[in-house]
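Below is one structure, written out as structure tokens, with a few remarks after it.
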Amino acid sequence: MKYLVMVQGTQADYDAMRGKASATSPAWSQEEIRTMFAYMGAINDDLAETGEFVDGQGLAEPAQTRHVTLGDDGKAVITDGPYGETKELLAGYWVLECESLERVTEIAERVARCPQPAGAPDYPVVIRPIMDGSGDI
């Protein structure tokens, strides 16, 4: 079974990783950034070794995103991010192929333990099974 494992974040979190603290996230040091990337890299390496890693990427900050909807007239309405009405957005993901929900939950727990500065917000790690076709609905 394939699973999408997602981590969340906010624009303030990306700003904090560049050294700009906010009311919701302390500034990260360069050492904390290196530690976080080393931790996530080790997870990726381990998953590649077990054959469970299909894909995984960190995503650009919300300020570099676009939100596309249709207006009442049917024309596209395009809004550049970040979006004031949105608290957290997808910050990164893994597509994993695991034998069970229990196994992917073990991996998500490891992701949730990623080192970060004291006082940084904790977000849930979200697991979603990937449907194999319309028969999965």
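The values are calculated or read from the model by the stated rules, or taken from the named source; none is laboratory data. Predicted, not measured: the structure shown is a model, and the values here were computed from it. Neighbour counts run over all protein chains shown; Cβ positions are idealised from the backbone, glycine included. Areas reflect the complete protein model, heavy atoms only, side chains present, ligands, DNA and RNA absent. Shrake-Rupley method; radii C 1.70, N 1.55, O 1.52, S 1.80 Å.
Just a few scattered comments:
- Euclidean distance between Cα centres, the range 1-58 to the range 92-137, Å: 12
- Here the accessible area is traced with a 1.4 Å probe on the protein chains. For the range 16-84, carbon and sulfur cover 54 percent of it.
- Under the simplified labelling scheme, the Cys114-Met1 pair shows an inter-label distance of 2.4 nm, with each label point 7 Å from Cα along Cα→Cβ.
- Within a straight-line Cα-Cα reach of under 15 Å, Lys87 can be paired with the following aspartates and glutamates, leaving aside sequence neighbours fewer than 8 residues apart in one chain: Asp13, Asp15, Glu61, Asp122.
- Under the simplified labelling scheme, the Gln30-Met131 pair shows an inter-label distance of 4.8 nm, with each label point 7 Å from Cα along Cα→Cβ.
- Largest to smallest in accessible area, the residues Met36, Met17 fall in the order Met17, Met36 (1.4 Å probe, all protein chains included).
- Probe 1.4 Å - accessible area at Tyr39, Å² to nearest ten: 60
- The chain - mean residue ellipticity at 222 nm from DSSP helices (-39,500 (n - 2.57) per run, n ≥ 4, rounded to 500): -9500 deg cm²/dmol
- Mean separation of Cα contacts under 8 Å, 6 or more apart, over the residue count of the range 1-96: relative contact order %: 41
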